[in-house]
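First comes the structure, then the notes that go with it.
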Amino acid sequence: MTETTADHRDSYPPSAEFAAAANADATLYRAAADDRDAFWAEQAERLHWHQKWTKVLDWSDAPVAKWF
């Protein structure tokens, strides 16, 4: 069993150097939170599709969801 120590933290933010080299920043997370479907539609446009999708998220067979 692992002991909890006084220096335990609930979050471990990246170093400034690591964050500067990242492919994404907080704006990407905000865009996804603001409009999930629009965010994923934009990301899907970056891919090649043999048959283009017509709906980002389909809940017609709930509780099973189908993406694209």
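In sequence order, the stretch 44-54 has phi-based couplings of 5, 5, 7, 9, 8, 10, 5, 10, 5, 6, 10 Hz under the Karplus curve 6.51 cos²θ - 1.76 cosθ + 1.60, θ = phi - 60°, and Gly or Pro positions carry x. Express the carbon and sulfur contribution to the solvent-accessible surface of the chain as a percent, rounded to the nearest whole number, probe 1.4 angstrom. After summing per-atom areas, the C and S share lands at 54 percent.
Considering only Cα atoms, the convex hull volume of the chain works out to 210 Å³ per residue.
Run lengths n ≥ 4 of DSSP H only: what is the helix-derived mean residue ellipticity at 222 nm for the chain, with -39500 (n - 2.57) per run over all residues, to the nearest 500? Provide the component values of the computation, followed by the final result.
On the way: 3 runs with 23 residues, N = 68.
The per-residue figure over the chain is -9000 deg cm²/dmol.
Running a GNM on the chain with Cα contacts under 10 Å, which residue among Ala22, Ala31, Ala41 ends up with the highest mean-square fluctuation? Top of the fluctuation ranking is Ala22.
The values are calculated or read from the model by the stated rules, or taken from the named source; none is laboratory data. A quick note: this is a predicted structure, and the numbers were derived from the prediction, not measured. With ligands, DNA and RNA removed, areas are computed over all heavy atoms of the protein, side chains included. Shrake-Rupley method; radii C 1.70, N 1.55, O 1.52, S 1.80 Å.
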